[in-house]
Amino acid sequence: MTQTFDLVVVGAGPGGYVAAIRAAQLGLKVAIVEREHLGGICLNWGCIPTKALLRSAEVFHLMHRAKEFGLKADGIGYDLDAVVARSRGVAKQLSGGIGHLMKKNKIAVFMGAATLPKAGVVSVKTDKGTEELTAKSIILATGARARELPGLEADGDLVWTYRHALQPKRMPKKLLVIGSGAIGIEFASFFNTLGADVTVCEVMDRVLPIEDAEISAFAKKAFVKQGMKILEKTTVKKLDRKPGLGVTAHLESNGTTTTADFDTVISAVGIVGNVENLGLEALGVKIDRTHVVTDEFCRTGVQGLYAIGDIAGAPWLAHKASHEGVMVAELIAGGHPHPIKPNSIAGCTYCHPQVASVGLTEQKARDAGHEVRVGRFPFIGNGKAIALGEAEGMVKTVFDAKTGELLGAHMIGAEVTELIQGYVIGRSLETTEEELMNTVFPHPTLSEMMHEAVLDAYGRALHM
């Protein structure tokens, strides 16, 4: 059976379902295809359930600090199964909400595996048979999955990916996390807070390597203070697995190999795009290192075929995927949307302390030829941070010394994942230091540090 639509979206993650909703709002007849869960990886196995886990860890951490706040809490403990059940419940609730949004916007949902046998056609293999969908426009939003390196493959028992870590069959006693990007550090933070002996191994010369060097150094100091062991410029060469006993990891650093024993390993060494078994090569779609090559409007070069989100490459962020989905839907509907500027997309890591950033790091700004002005302000100088008992952190700003353009902003500390959006808006509006200096920030708030960091870049900080 063949059905015809204006747009077919393949993949119902934060890029795909948002693209479908916006297209439907613009009057297009839309279908969406999903092989597993509405909401995709982010909602079911990524962004949302991990934040639910981390919230439990945060509350657990605060319970141990009760005395600092004049409170009493005895017999503090946790039930790992209950923590996980809450996380899965949050994901299930939101996934159901996506189904409601599809119905509300009259979007046809097809659950099954999609292929593109020819241009303008999507074939969907469902439980009831095969459906053929035709459309003038097709959006690929198939996302990505965990990268697995030879010898470090997950087995769900001794070696886990993020999926296994979201539903742990046990509480690790001695945990090795391979990779210190956002995924690795968030799980390291979660299990460390609950009492695991955590070692983080990073092949680069610092943890959170895409962040500003000062923020990475601050984060490392905080993690070590919390009891984590951080191994930088270290490669895991192989894992000797001993079922029922644990894993011996062979660690190479500066040409020397040592071994260490762990009961659990989490591999968080990046992602690969879900480009296989779709028929893309036969259509002439260009693929580079498991990601579809697109232009600034997410066009693949094949007429009427677009790719958004993780399958289209970095930055691998849900909010980037959603914004691309809206942009492409408006383009298909005849609009004239602005292309996305990757350097104005914030990145957030929900470890303890939180990390958030947007734009260029200080080093990248200098490498790009900018003469820079840099401002910093510590949490210890902010009244709200002290009142919250969260005096550990800093805000850093990077400006072009000649034009006053905000080139980048970098934060570490409590709730910085919420604060960063202020600087994101500033960059979107092409704000200079003058507008930020003249903005009145409410008191007492953590946001005042954003003001002070701007003032400091120009030698005008008031509380430092």
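The values are calculated or read from the model by the stated rules, or taken from the named source; none is laboratory data. Keep in mind that what you see is a predicted model, and the values were worked out from it rather than measured. Here the Cβ is made from the backbone with ideal geometry for all residues, glycine too, and neighbour counts use every protein chain on show. Quick note on the areas: whole protein, heavy atoms, side chains included, nothing else; ligands and nucleic acids left out. Shrake-Rupley method; radii C 1.70, N 1.55, O 1.52, S 1.80 Å.
Those residues that are in contact with a Phe, Trp or Tyr (Cβ under 9 Å, 6 or more places away or on another chain), touching a residue at least 12 places away in the same chain (Cβ under 8 Å) and surrounded by fewer than 15 Cβ atoms within 10 Å (Cβ to Cβ), I need them from the range 386-415; list them, please.
Gly389
Being farther than 16 Å from Ile345 by Cα, open to solvent by less than 10 Å² (accessible area, probe 1.4 Å) and touching a residue at least 24 places away in the same chain (Cβ under 8 Å), is that true of even one residue in the range 416-430? Outline the logic, then answer.
At the first step, the residues of the range 416-430 found to be farther than 16 Å from Ile345 by Cα are none.
Looking for residues that are farther than 16 Å from Ile345 by Cα, open to solvent by less than 10 Å² (accessible area, probe 1.4 Å) and touching a residue at least 24 places away in the same chain (Cβ under 8 Å), one finds none in the range 416-430, hence no.
Write out, first by first residue and then by second, each pair whose Cβ atoms fall under 6 Å of each other, whose residues are 6+ apart or on separate chains, and whose first residue, in the range 212-229, is within 13 Å of Gly393 (Cα to Cα) and of a type in the set (Lys, Arg) while the second is modelled with pLDDT of 95 or more and not in a helix (DSSP H, G or I).
Lys220/Val207; Lys220/Ile230
Checking the structure you have, find out if any residue of the range 245-255 is at positive phi and either open to solvent by less than 20 Å² (accessible area, probe 1.4 Å) or part of a helix (DSSP H, G or I) (or both).
Filtering the range 245-255 for residues at positive phi gives 246, 254-255.
Filter again for either open to solvent by less than 20 Å² (accessible area, probe 1.4 Å) or part of a helix (DSSP H, G or I) (or both), leaving 246.
Checked against the condition, which is being at positive phi and either open to solvent by less than 20 Å² (accessible area, probe 1.4 Å) or part of a helix (DSSP H, G or I) (or both), the range 245-255 yields at least one hit.
If you scan the range 433-450, which residues turn out to be open to solvent by 30 Å² or more (accessible area, probe 1.4 Å), in a helix (DSSP H, G or I) and farther than 14 Å from Phe399 by Cβ?
The one that is open to solvent by 30 Å² or more (accessible area, probe 1.4 Å), in a helix (DSSP H, G or I) and farther than 14 Å from Phe399 by Cβ: Glu448.
Test Gly383 against the criterion of being at positive phi, out of contact with any Cys (no Cβ under 7 Å at 6 or more places or on another chain), open to solvent by 10 Å² or more (accessible area, probe 1.4 Å) and not basic (Lys, Arg), and give yes or no.
Details: at positive phi: no; out of contact with any Cys (no Cβ under 7 Å at 6 or more places or on another chain): yes; open to solvent by 10 Å² or more (accessible area, probe 1.4 Å): yes; not basic (Lys, Arg): yes.
The answer is no for Gly383.
Do you know which residues across the range 130-168 are among the small types (Gly, Ala, Ser) and free of Cβ contacts under 8 Å to residues at least 24 places away in the same chain?
Filtering the range 130-168 down to residues among the small types (Gly, Ala, Ser) leaves 135, 137, 141, 143-144, 146, 151, 154, 156, 165.
The answer is Gly156, and nothing else.
So which residues in the range 372-387 are among the hydrophobic types (A, V, I, L, M, F, W, C) and either touching a Ser or Thr at 6+ places or on another chain (Cβ under 9 Å) or in a loop (DSSP other than H, G, I, E, B) (or both)?
Residues of the range 372-387 that are among the hydrophobic types (A, V, I, L, M, F, W, C), as a first pass: 372, 374, 377, 379-380, 385-387.
Result: Val374, Phe377.
Taking the range 1-40 as the search range and keeping residues that are under 30 Å from Ile185 (Cβ atoms) and open to solvent by 60 Å² or more (accessible area, probe 1.4 Å), which one is nearest to the chain's Cα centre (by Cα)?
His37
Within the range 186-193, is there a residue that is over 17 Å from the mean Cα position of the chain (by Cα) and open to solvent by 10 Å² or more (accessible area, probe 1.4 Å)?
From the range 186-193, those over 17 Å from the mean Cα position of the chain (by Cα) are 191-193; that's our starting set.
Those left that are additionally open to solvent by 10 Å² or more (accessible area, probe 1.4 Å): 192-193.
Scanning the range 186-193 turns up at least one residue that is over 17 Å from the mean Cα position of the chain (by Cα) and open to solvent by 10 Å² or more (accessible area, probe 1.4 Å).
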